[in-house]
Amino acid sequence: MAVSGHELAGLLERHGFDFFAGVPCSLIEDLIATLESHPRLPYVPVPREDVAVGLAAGAWFAGRRPAVLMQNSGLGTSLNALASLALMYGLPALLIVTWRGHLGKDAPEHILTGEISPALLDLLKIPHRVLAADTLEADLAWTVETMDKAMQPVALLVPPGVVEIGKAGHATPAPIRASQAGVPADQQVAGPSVLTPRLSRLDAIAAARTALGRESVIHANGYMCRESFSLGDRPENFYMIGSMGLASAIGLGLSLADPARPAVVLDGDGNLLMNLGIVPLVAALQPRRFVHIVFDNEVYGSTGSQRSISAEIRLDRMAAAAGYRTVTAVTAADEITQAVRAALDGAGPHFILAKVTTQEAEVPRIPYTPHEIRDRFRRSVRA
């Protein structure tokens with residue numbers, strides 16, 4: 001007999017899962033419908049599965065036990081996030097993966113993915129079980145024990161018929177943001193209409209750091225981490241080695257899981273362009289202590305300074321159109337410091353675009369292992 005979404009949500013809560021993010025699938029529509037209106041279990045509908053993996057990482061840093069919901073097609077979308085974030089750093093999360101194409105019975109687009117889904121999890125070295133309605137308690141107990149002991153994601157493959165479909169009804173879920181107050185539709189960007197870079201990214205990062213105290217700071221991957229480290233290490237810094245594009249998702253997950261804690265993201269134009277879906281998601285959720293700083297040099301510096309399309313578009317105007325509470329464009333050191341201080345002092349989310357030159361500094365690599373970066377950052381968040 002299939003389990004209802006309400007029953008499954010209750011079991012997940014009893015096993016400590018208290019933060020959910022994902023992309024929907026009809027095989028678990030009843031569970032998602034339950035989570036959408038649940039009084040205690042937050043569910044964040046994300047634009048891509050790899051974003052959900054990033055949110056889960058941020059939530060885990062804040063002390064939550066996260067679960068990521070995805071169709072098995074999302075394993076492909078989230079492959080890099082799983083390999084170079086969740087698995088490399090060792091970030092526990094439950095992956096609830098629906099098994100479309102199970103036994104070769106489904107629409108044509110699901111057949112191959114259904115055939116290889118267990119093998120994909122094996123290749124990633126992610127422990128997994130096939131969820132069954134009559135072994136739910138045992139499966140979830142194994143999940144918690146395994147993910148906490150191994151310090152990594154584990155997966156439950158959910159075949160058709162395990163979770164009831166259509167039992168929770170199809171009432172329109174409550175909006176994830178209750179009010180648009182303070183975010184005018186015609187919001188203008190503060191700062192000059194033409195941005196002429198005057199600072200290197202190293203100098204711009206230094207100016208931003210001047211405004212910081214003990215805030216948690218998630219650094220996008222690439223030279224940005226190394227430049228910030230060269231200016232002075234701090235345990236509150238999470239340095240990203242891989243997972244390009246997911247710094248903002250990690251910061252958002254941290255901010256949602258611990259709304260009182262400021263979460264500062266040092267992002268790049270290439271990173272943000274790789275994950276543009278995060279912009280409307282942040283605007284929809286309105287995390288009040290979220291500060292998103294994008295250092296835009298219009299190139300992919302780590303790979304030889306190939307040009308990015310931010311030379312043709314204004315990322316700050318996109319953030320304003322989406323609905324960030326404040327949006328500022330800056331080019332000078334004092335402007336950057338002032339903008340970060342103002343953002344930390346006021347209700348967010350805040351978007352700060354710092355146009356910088358393409359100059360790259362000669363800086364050393366981060367000397368810590370991924371697990372060392374993880375452990376000291378989580379200790380700083382939980383302190």
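The single condition among (1) closer than 17 Å to V51 by Cβ; (2) surrounded by fewer than 21 Cβ atoms within 10 Å (Cβ to Cβ) that V130 does not satisfy is (1). Among the residues of the range 179-199, not a single one is at pLDDT below 95 and within 30 Å of L91 (Cβ to Cβ). Looking only at the range 54-80, residues that are under 23 Å from E115 (Cβ atoms) and among the hydrophobic types (A, V, I, L, M, F, W, C) come to 5 in all. Would you call P367 surrounded by fewer than 18 Cβ atoms within 10 Å (Cβ to Cβ) and assigned to a helix (DSSP H, G or I)? In short, no. Pull up the range 333-364, narrow it to residues that are assigned to a loop (DSSP other than H, G, I, E, B) and hydrophobic (A, V, I, L, M, F, W, C), then point me to the one that is surrounded by the most Cβ atoms within 10 Å (Cβ to Cβ). The qualifying residue surrounded by the most Cβ atoms within 10 Å (Cβ to Cβ) is V356. Residue pairs whose Cβ atoms lie under 9 Å apart, separated by 6 or more positions or on different chains, with the first residue in the range 235-263 and basic (K, R) and the second in a helix (DSSP H, G or I) and crowded, with 24+ Cβ neighbours inside 10 Å, are R261/L254; R261/S255.
Within the range 35-67, if we keep just the residues that are surrounded by 24 or more Cβ atoms within 10 Å (Cβ to Cβ) and of a type outside the set (A, V, I, L, M, F, W, C), the residue that is nearest to N80 (Cα to Cα) turns out to be D50. When the residues of the range 101-119 are filtered to those that are out of contact with any helix residue (DSSP H, G or I) (no Cβ under 8 Å at 6 or more places or on another chain) and not in a helix (DSSP H, G or I), the one that is farthest from G76 (Cα to Cα) is K105. Only one entry in A322, A329, A347 is without any contact (Cβ under 8 Å) to a residue 60 or more places away in the chain and under 22 Å from P262 (Cβ atoms), namely A322. For the range 256-277, a residue qualifies if it is farther than 25 Å from K355 by Cα and either acidic (D, E) or within 14 Å of the chain's Cα centre (by Cα) (or both), and the qualifying residues are L256, A257, D258. Residues of the range 129-142 include none that is out of contact with any helix residue (DSSP H, G or I) (no Cβ under 7 Å at 6 or more places or on another chain), free of Cβ contacts under 8 Å to residues at least 40 places away in the same chain, of a type in the set (K, R) and not in a loop (DSSP other than H, G, I, E, B). When L276 is tested against (1) part of a helix (DSSP H, G or I); (2) closer than 30 Å to W60 by Cβ; (3) out of contact with any Phe, Trp or Tyr (no Cβ under 9 Å at 6 or more places or on another chain); (4) hydrophobic (A, V, I, L, M, F, W, C), exactly one condition is not met: (1).
The values are calculated or read from the model by the stated rules, or taken from the named source; none is laboratory data. Please read all numbers here as calculations on a predicted model, not as lab measurements. We place every Cβ from the backbone using ideal geometry, glycine too, and count neighbours over all the protein chains shown.
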